[in-house]
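Student: Structure in structure tokens, see below.
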Amino acid sequence: MPRKLFATKKLLLLSLFSTILLLSFSGWADRKDPPGKSDPHPKAKNIIFMIGDGMGLAHVIAARIFKNGPDGESLHLETLPTLGYQRTHSASDSLTDSAAAASAWANGEKFNNGEVSCHDDDQDGRCAPAPSPTILEIAKAKGKATGLVVTSTVTHATPAAFGSHVPSRRCENEIARQYIQGTEVDVILGGGRKKFKSTGKQADECGTFGDFIADAERKGYQIVYTKKALDAVVAKRSRKILGLFAPKGKTPELFRLYPTEHYQTEEPTLPQMTAAALEIVERDENGFFLLVEGSQIDWASHRNDVAYLIGETLAFDESVKVVLDWINEKPNRRQNTLVVISADHETGGFAISGAKGEKYKRGDVVAHGWTSTGHTAEDTVIWSQGPGSQYLGRALDNTDLYKVMLKVMK
């Protein structure tokens, strides 16, 4: 291309970009920003933050078609009235990991990949500056009950960002220690027994090891390892529960749809854990902050395993049903509870390629493709309802979710 023509096209592109930028800023004043101290809208006594780790929109569509067919009902998460989306990049990379993404939600600022609510810019293994409290810790300081419910190890990157501060997501023993000795999260349900009871030979990257189950017992936690034991302590109206239902991650929900020799009946499902956690934290008169994660949607996508993906997504959606049913039982719950559902990032570049010349029916696994076995940089959807949700129905950054939760938390 002649240099003059190239230069002319470049000037035209710059001019067009400037015009678009000017128009964007001219409408900025009309955008709804998070509420201030004098905001007249109701505050949220309860916040339920639900995360489908690695879940893109195509994951949701594939699960819906499998469950209900292309003309069937929406998934439960799709029924929430407010819809937005968010950017997911970390401070260090266009492709975020779960640690940086969850830390952005928990703290309202960007972190490098691998950091868990802790800036380790000097890479000396210390948080610098001293970390700010997470949204869960702020809720705790307000006298609210707090809970973490996941299908991974409970010390995995996403829940860790809300209940601990460590320079590396690989410090899972230290995360367990901080949960019990520091943050004292009231309800902790998931996998990861090995991270709570380790020897010196099993020290993590932070050099931490110890028997944090014994510490938890001394602090008044009820320790449970099975669904039956969980049901029993919930019936006794226990207020602090540590449920560790597997040595590592929990049994995939896929085996609950298609039982095999791997199916573990003694483990509670994600919906069952969610119901148990709600029954516990709702007893606090000051309200609660509850995190629920369908962790293994991400693991399925890393493996490019569509059946595993569908099973995990549907289990997560059943947990959404548990939450919505709980809210709808009493009018004041709807008025007082902010529900936010999103994904920290998309995994796998999962795409539905369609079924040309035919129409899907219920029970079909969609024709699909993958672009990666890792994370992708696409934006992720935010579904929400309740006080504060009016500020989530637009294009946001993941750090904005923290700002909205903080502003509306009662």
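The values are calculated or read from the model by the stated rules, or taken from the named source; none is laboratory data. Note that the structure is predicted; figures quoted are calculated from it, not measured. Glycine also receives a Cβ, built like all others from the backbone with ideal geometry; neighbour counts cover every protein chain displayed.
Student: Which numbered condition in (1) outside any helix (DSSP H, G or I); (2) crowded, with 24+ Cβ neighbours inside 10 Å is the only one that Tyr85 fails?
Tutor: Result: Tyr85 passes all but (2).
Student: Continuing with this model, one more query. Scan region 381-407 residue by residue and report those that are crowded, with 20+ Cβ neighbours inside 10 Å, more than 13 Å from Thr82 (Cβ to Cβ) and in contact with a strand residue (DSSP E or B) (Cβ under 6 Å, 6 or more places away or on another chain).
Tutor: Once the filter is applied, which keeps residues that are crowded, with 20+ Cβ neighbours inside 10 Å, more than 13 Å from Thr82 (Cβ to Cβ) and in contact with a strand residue (DSSP E or B) (Cβ under 6 Å, 6 or more places away or on another chain), region 381-407 yields Asn398, Met405.
Student: Might you let me know whether region 265-274 holds any residue that is more than 19 Å from the chain's Cα centre (by Cα), among the hydroxyl-bearing types (Ser, Thr, Tyr) and either surrounded by 17 or more Cβ atoms within 10 Å (Cβ to Cβ) or at pLDDT 95 or above (or both)?
Tutor: no
Student: Take the residues of region 322-336 that are over 30 Å from His89 (Cβ atoms) and in contact with a helix residue (DSSP H, G or I) (Cβ under 8 Å, 6 or more places away or on another chain): which is surrounded by the fewest Cβ atoms within 10 Å (Cβ to Cβ)?
Tutor: Asn328
Student: Cβ-Cβ under 8 Å, sequence separation 6+ or interchain: first residue in region 392-410 and over 21 Å from Lys140 (Cβ atoms), partner at pLDDT below 95 and not in a helix (DSSP H, G or I). Which pairs?
Tutor: Close Cβ pairs (under 8 Å, with a partner that is at pLDDT below 95 and not in a helix (DSSP H, G or I)) amount to Arg394/Arg31; Arg394/Lys32; Asp400/Pro34.
Student: Turning to a different aspect of this structure: Considering only region 101-131, state which residues are modelled with pLDDT under 85, small (Gly, Ala, Ser) and either within 21 Å of Asp204 (Cβ to Cβ) or buried (at least 20 other Cβ atoms within 10 Å of the Cβ) (or both).
Tutor: Hit for region 101-131 is Gly125, nothing else.
Student: Could you check region 247-257 and list, in sequence order, the residues that are more than 21 Å from Leu278 (Cα to Cα) and either in contact with a helix residue (DSSP H, G or I) (Cβ under 8 Å, 6 or more places away or on another chain) or among the aromatic types (Phe, Trp, Tyr) (or both)? Spell out the reasoning first.
Tutor: Keep residues of region 247-257 that are more than 21 Å from Leu278 (Cα to Cα), which gives 247-249, 251-252, 254-257.
Within region 247-257, Pro247, Lys248, Gly249, Pro252, Leu254, Phe255, Arg256, Leu257 qualify.
Student: What about Pro131, is it closer than 26 Å to Lys410 by Cα and in a loop (DSSP other than H, G, I, E, B)?
Tutor: Here the answer is yes, as Pro131 does meet what is asked.
Student: Is there any pair linking a residue in region 212-227 that is over 18 Å from Thr146 (Cα atoms) and of a type in the set (Ser, Thr, Tyr) to one that is exposed (fewer than 15 other Cβ atoms within 10 Å of the Cβ) and at pLDDT below 95, with Cβ under 7 Å and at least six apart or on different chains, and which?
Tutor: Thr226/Glu266
Student: How about region 320-347: which of its residues are assigned to a loop (DSSP other than H, G, I, E, B) and over 28 Å from Gly108 (Cβ atoms)?
Tutor: First, the residues of region 320-347 that are assigned to a loop (DSSP other than H, G, I, E, B): 329-330, 343-345.
Hits for region 320-347 are Glu329, Lys330.
Student: Filter region 215-256 down to residues that are modelled with pLDDT of 95 or more and of a type in the set (S, T, N, Q) and give me whichever is nearest to Asp284 (Cα to Cα).
Tutor: Here the residue is Gln222.
Student: Within region 369-384, how many residues are assigned to a strand (DSSP E or B) and more than 16 Å from the chain's Cα centre (by Cα)?
Tutor: 2
Student: Let me ask something else. Are any of the residues in region 105-128 outside any helix (DSSP H, G or I), of a type in the set (Asp, Glu), in contact (Cβ under 8 Å) with a residue 24 or more places away in the chain and under 25 Å from Ile48 (Cβ atoms)?
Tutor: Yes, region 105-128 has at least one match.
Student: Taking helices (runs of 4 or more DSSP H) that do not extend beyond region 136-241, which have at least 1 residues that are surrounded by 24 or more Cβ atoms within 10 Å (Cβ to Cβ), in contact with a Ser or Thr (Cβ under 8 Å, 6 or more places away or on another chain) and among the aliphatic types (A, V, I, L, M)? Give the steps one after another, and end with the answer.
Tutor: Values: elements: 157-163, 172-177, 193-196, 212-218, 227-235.
Per the criteria, 157-163, 172-177.
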